[in-house]
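A.B. asks: Attaching a single structure in structure tokens format; questions to follow.
The values are calculated or read from the model by the stated rules, or taken from the named source; none is laboratory data. Keep in mind that this is a model prediction, so the values were computed, not measured. A quick note on method: Cβ atoms are made from the backbone with ideal geometry, for glycine too, and the neighbour counts reach across all protein chains shown.
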Amino acid sequence: MDSAEYDFWLLDLDGTLVDIEQPYIYDVFEKVGQKLDASFTDREAELLWYGIGQARNDLLAEKLIERETFWDTFHEIEQPETRAAATYLYDDASSFVPELDGPVGVVTHCQEYLTRPVLSALDIEDWFDTVVCCTDETGWKPDPEPVQRAMDDLGVGQNGHVGVLVGDDPQDIGAAQNAGLDSVHVRRRVYERLSPRLRDEGEVLSMGADRRVSTLRNL
């Protein structure tokens, strides 16, 4: 895959371009658990954080925690400055994204009050021509609406431009497909360690990305 094949690039943020120090994840979910009168192992905390496919929702259902209650509590616990300080940029992202030709955008489930401080702390705000943070209003990936909103912001929507979306989650791949874009799955972690049904012959492999890579340098 040559970057010249595409007129524009859309990228997921968490787990694709940036990631979080593990102790931060464990600390956040210890506090979330205290609020919800629940406990999470380290593996469960990581699964809730990365939320690959439907695995997060399955775990919440198993623990009898309502999704809305979970997210309200999670966002109450998270503080932008602390989140930003614990976030790091993948090395391959720092060499890949600035070299892309054409418009570049981010479509992320991370909320704006957290996203902006992260981009600022990492000094990468100027990498992107648009940043779309999903909400109930925009829809959530794999809904194509936030992807289409990013395309409209870039001036490449419904006018013959060819684009691609890169992400680490089946929801990213689904959003790309639903919006009529090519898709790239970047595999950042051993998913089956978090949930057995995410083993290679299961959900991760079958999500239908046009290309699967272990590093952005492969692109």
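A.B. asks: Go through segment 2-55 and count every residue that is at positive phi and either assigned by TED's automatic domain parsing to the domain that holds F128 or in contact with a Gly (Cβ under 6 Å, 6 or more places away or on another chain) (or both).
C.D. replies: Going through segment 2-55 one residue at a time, the tally reaches 1.
A.B. asks: Next question. List, please: which pairs have Cβ atoms under 7 Å, are six or more places apart or on different chains, and start with a residue in segment 172-191 that is within 17 Å of N218 (Cβ to Cβ) and end with one that is of a type in the set (S, T, Y)?
C.D. replies: I173/S183; V186/T16; R187/S214
A.B. asks: Also, quick follow-up: Would segment 4-24 turn up any residue that is more than 25 Å from P117 (Cα to Cα) and assigned to a helix (DSSP H, G or I)?
C.D. replies: yes
A.B. asks: While we're looking at this one, here's another question. Can you give me the number of residues within segment 1-48 that are more than 21 Å from Q111 (Cβ to Cβ), buried (at least 19 other Cβ atoms within 10 Å of the Cβ) and of a type in the set (D, E)?
C.D. replies: Here the count works out to 1.
A.B. asks: I've got another one for you. Check off (1) loosely packed, with under 14 Cβ neighbours inside 10 Å; (2) among the acidic types (D, E); (3) in contact with a helix residue (DSSP H, G or I) (Cβ under 7 Å, 6 or more places away or on another chain); (4) closer than 19 Å to C133 by Cα for E76 and give me the number that stays unchecked.
C.D. replies: (3)
A.B. asks: Given the structure, is L59 modelled with pLDDT under 95, surrounded by 12 or more Cβ atoms within 10 Å (Cβ to Cβ) and over 29 Å from D91 (Cβ atoms)?
C.D. replies: Yes, satisfied.
A.B. asks: Look at segment 32-60 and say how many of its residues are in a helix (DSSP H, G or I) and within 22 Å of R188 (Cβ to Cβ).
C.D. replies: Number satisfying all stated conditions: 14.
A.B. asks: Kindly provide the set of residues from segment 99-142 that are over 14 Å from the mean Cα position of the chain (by Cα) and charged (D, E, K, R), ordered by number.
C.D. replies: E99, D101, R116, D123, E125, D126, D129, D136, E137
A.B. asks: Restricting to segment 44-73, name every residue that is in contact with a helix residue (DSSP H, G or I) (Cβ under 8 Å, 6 or more places away or on another chain) and more than 23 Å from L13 (Cβ to Cβ).
C.D. replies: The answer is I65, E66, T69.
A.B. asks: Find the residue count for segment 61-113, including only residues that are part of a loop (DSSP other than H, G, I, E, B) and either touching a strand residue (DSSP E or B) at 6+ places or on another chain (Cβ under 7 Å) or closer than 26 Å to S183 by Cβ (or both).
C.D. replies: 9
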